[in-house]
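Each remark here refers to the structure printed beneath this line.
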Amino acid sequence: MNEVVFPAPVAASVSAETDRRVPPPPIGLLAELTHRCPLRCTYCSNPLELDARSLELDTETWKRVFTEAAELGVIHIHLSGGEPTARKDIVELTRHAAEVGLYTNLITSGIGVSPDKLDALHAAGLDHIQLSLQGADAAITEAVGGYKGGFERKEAFAKEVVARGFPLTLNAVIHRTNIHQVPDMIDKAVAFGAKRLEIAHTQYYGWALKNRAQLMPARQDVDRTILEVEEARARLKGLLVIDAVFPDYYARYPKTCNGGWGQRTLSVTPAGLALPCHAAQTIAHLDFWSVRDHSIADIWASSPAFEAYRGTDWMPEPCRSCERKAVDFGGCRCQALALTGKAENTDPACIKSPLHLTLGEIAAREASAEVVPGAAVYRAFSFGA
Ligand code: SF4
Ligand code: FES
């Protein structure tokens with residue numbers, strides 16, 4: 001799955017005093033229509049246990065979910081996966097989302113999306129396309145995505161997208177294998193006719209966490225990309241907007257993950273579980289409601305999984321008494337679980353976490369180890385499975 005960069009929370013939407021109050025409606029819904037995908041990216045943040053095709057929600061259920069989301073006040077729907085166009089009903093789902101008033105964003109690998117399918121999506125009212133970029137040339141793209149000919153197909157797809165007048169965003173997930181190509185990827189974004197580029201350093205969930213030792217970039221390379229992005233932003237002002245997400249492992253404070261747990265967004269898995277974030281299923285003790293049994297409004301207001309870490313009331317120290325607690329909500333719960341064993345702990349990306357130094361040590365150790373050819377595990381799921 002590609003990264004979705006959600007906007008930061010509105011500071012006044014939830015104060016430290018409001019704690020578990022149900023926030024305003026979510027602005028975004030990430031609809032993971034399928035886990036099937038032609039690519040097998042080593043950085044994929046999909047779960048290790050992927051949903052089989054037989055478990056996927058049917059067309060009518062997804063349409064009901066979209067209607068309920070729009071009625072609740074959701075503005076953006078991100079049609080994602082896996083590769084969302086692997087769904088035979090992608091045009092019908094897009095049309096329905098547009099008809100109920102949602103701004104529709106297709107997050108795609110661009111592989112296997114024919115010009116005819118693009119025409120149909122255009123006619124159905126698709127608003128925006130976000131295309132993943134694994135590298136700036138064929139060799140790196142194939143090494144990362146495990147798909148021969150991927151780069152050429154993406155290039156051709158981007159041309160078709162722009163020719164139809166869709167706004168195009170490129171999403172480049174950065175790691176040790178492609179970090180030297182950041183300037184080239186910026187050039188490619190301009191050449192492809194993209195209006196926006198997301199330089200998103202890998203977030204270590206799912207397959208990416210499994211492959212972390214092979215993906216972790218060196219600190220000096222990350223610092224160099226910061227300068228490269230700053231220079232390009234100034235040079236390309238008015239031509240290309242560049243968003244950047246830098247690695248948690250080298251940060252001083254954590255990211256406000258998904259705009260805060262249960263504050264701004266929700267995700268729905270191919271099989272229908274409603275999650276506060278795409279990696280939430282790793283927190284095994286949470287009770288996730290299914291859209292098969294509950295409406296989106298009920299889930300947003302009352303699902304135990306959304307309630308678990310909503311607001312600030314649940315926080316232990318040092319977050320509880322921290323002045324930033326209603327800004328970053330203690331960082332990422334999934335990362336806290338993965339790195340400390342407890343989801344309620346302070347995200348170790350924070351300098352106030354007792355494990356913050358350990359995080360830096362892990363990053364330095366993994367970044368300085370040799371890349372072992374073939375050691376990174378490709379995401380396992382074949383297109384059409
Ligand atoms: Fe954020 Fe908690 Fe760190 Fe404060 S202590 S900055 S609330 S993660
Ligand atoms: Fe789950 Fe950050 S990915 S809270």
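The values are calculated or read from the model by the stated rules, or taken from the named source; none is laboratory data. Just so we're clear, the structure is a prediction, and the values are computed from it rather than from any experiment. Glycine also receives a Cβ, built like all others from the backbone with ideal geometry; neighbour counts cover every protein chain displayed. Note: areas computed on protein heavy atoms with side chains; ligands, DNA, RNA excluded. Shrake-Rupley method; radii C 1.70, N 1.55, O 1.52, S 1.80 Å.
A few points about this structure:
- Against the test of being under 30 Å from Thr67 (Cβ atoms) and touching a residue at least 12 places away in the same chain (Cβ under 8 Å), the options Trp300, Trp314 yield a single qualifying residue, Trp300.
- At least 1 residues being touching a Pro at 6+ places or on another chain (Cβ under 8 Å) and at pLDDT 95 or above is the threshold, and among the helices (runs of 4 or more DSSP H) wholly inside region 138-229 those reaching it are 150-163.
Residue by residue, here is whether (1) in contact with a His (Cβ under 7 Å, 6 or more places away or on another chain); (2) within 16 Å of ligand 1 (Cβ to nearest atom); (3) farther than 24 Å from Arg196 by Cα; (4) outside any helix (DSSP H, G or I) holds:
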| site | (1), (2), (3), (4) |
| --- | --- |
| Lys255 | no, yes, no, yes |
| Leu266 | no, no, no, yes |
| Ala271 | no, no, yes, yes |
| Leu286 | no, no, yes, yes |
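- Among the conditions (1) touching a helix residue (DSSP H, G or I) at 6+ places or on another chain (Cβ under 8 Å); (2) within 16 Å of ligand 1 (Cβ to nearest atom), the only one that Pro316 does not satisfy is (1).
- The one condition from (1) surrounded by fewer than 17 Cβ atoms within 10 Å (Cβ to Cβ); (2) more than 21 Å from the chain's Cα centre (by Cα); (3) not hydrophobic (A, V, I, L, M, F, W, C) that Ser290 does not meet is (2).
- Per-region count, region 300-309, residues among the hydrophobic types (A, V, I, L, M, F, W, C) and under 21 Å from the mean Cα position of the chain (by Cα): 3
- Options Cys350, Cys334; residue that is open to solvent by less than 30 Å² (accessible area, probe 1.4 Å), closer than 17 Å to Lys255 by Cβ and within 12 Å of ligand 1 (Cβ to nearest atom): Cys350
- Every test in (1) within 28 Å of Ala376 (Cα to Cα); (2) touching a residue at least 24 places away in the same chain (Cβ under 8 Å); (3) open to solvent by 50 Å² or more (accessible area, probe 1.4 Å) is passed by Arg95 save one, and that test is (1).
- Checked against (1) more than 15 Å from ligand 2 (Cβ to nearest atom); (2) over 24 Å from Ala213 (Cβ atoms), Ile362 passes all but a single condition, namely (2).
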